[in-house]
Amino acid sequence: MPIEGHVIVRRMQKVTPTDVIVVAPLNPKYILLEIAHGLNVTSARADELLQRRAGDELAKGDIIAGPVGLFQRVIRAPHSGLVRIVGEGKVLFEISSPLFELQAGMEGTITNIIPERGAIIETRGALIQGVWGNGNITYGVMQPVSNNLNQELLAEQINIGFRGAILAAGYCSNPNVLEIAATIPIKGLVLGSISSDVLPTAKSMNYPILVIDGFGTKPMNTAAEEILVANKDRNVALNAQVYDPFSGKYPEIIISQPNQPEPNLPIESEPLTSGKRVIIVNGSQSPQIGTIDLIHSRKKILSSGIKARAAEVTYGNEKRATIPLSNVEILKE
């Protein structure tokens, strides 16, 4: 949470996507009560007449200070709320506002508590990271539009049967398709790629949109496609946060599989070596999946004229190409 709240879970507690983790007043409002002026006394005397301390919760009409004088004047709480600061004849009063509830968004186990802010949730399952997101977050049921996510998402594919679901599709080149999806409405959209002229519409949508492979009309990489199709009808957490490589933030989708056996912890980093399965993330072969056959010991002059470290990669139907090492990433399985 960006503001202080009340964490209502405990360590090692199992949670579901709809379980509430933190509650907090999202937009608190404050009133400065002039106690001395209201009671017609000095600031010092007003402090003596206070019946409340900082941190006290009050209902509307509860007495804050007094009584004093012939007519037994008092100062009452104008609304239900919380006394924040008292002193010098004044009280800072926070008006109660509807609480915002931060939900877990995934199945898992609470492994640590972040005081007044949230919790760390550990889950077993699959993680798919992308390269672009429109900044929205949700969770829901995964629904691929078909078993082939290499095709363009068309308006006629979106129907009332997808209401409330997170869709997965190949690519989108028509902004009207995104607007039609909003009228269903769907809860989120995962794409292999998206045309650059559709981005303004994608940014304006109130549901999360995550792009896995890049821009244009690229098909979705086969590794991501297999995971999404295999996990149809599963609950997933979709965090289409804005990509920030400097802070390590990627738009991502988490598919929880809590009944799976405990996996080994992933290696923090590992070198590129022959035999490694990789995904080509840049260049004309992107986003193909392949295997490194050989890593050249010296820099190679590439077709672009650039001299760089490179590898021989076999991909697709036994196609082979020289790929810069900066254009491949190890595929975690």
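The values are calculated or read from the model by the stated rules, or taken from the named source; none is laboratory data. Just so it is clear, the model here is predicted, and its values are computed rather than measured. Backbone-built Cβ (ideal geometry, glycine too); neighbour counts: all protein chains shown. Areas reflect the complete protein model, heavy atoms only, side chains present, ligands, DNA and RNA absent. Shrake-Rupley method; radii C 1.70, N 1.55, O 1.52, S 1.80 Å.
Key figures
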quantity	calculated
Percent of Cα-Cα distances greater than 20 Å, calculated over the range 29-95	17 percent
Correct choice for Rg and Dmax of the Cα atoms in Å that was computed from the model, options (i) 21.7, 89; (ii) 28.1, 98; (iii) 19.9, 58	(ii)
For the range 297-333 versus the range 196-241, the gap between their alpha-carbon centres in whole angstrom	26 Å
The range 153-194-the range 83-102 distance, computed between alpha-carbon centres (Å)	44 Å
Per residue value of the accessible surface for the range 124-256 (all protein chains in place, 1.4 Å probe), Å²	43 Å²
Phe100 versus Lys29: modelled label distance in nm, points set 7 Å from Cα along the beta carbon direction	1.7 nm
Proximal charge balance of Thr291 [Cβ under 12 Å; K/R count +1, D/E count -1]	+1
Most mobile listed residue (Asn147, Asn27, Asn134) in the chain, GNM with C-alpha springs under 10 Å	Asn27
Cross-link pairs Lys14/Lys203; Lys29/Lys60; Lys187/Lys332; Lys249/Lys332; Lys218/Lys332; Lys249/Lys299 - those with Cα-Cα distance over 24 Å	Lys14/Lys203; Lys187/Lys332; Lys249/Lys299
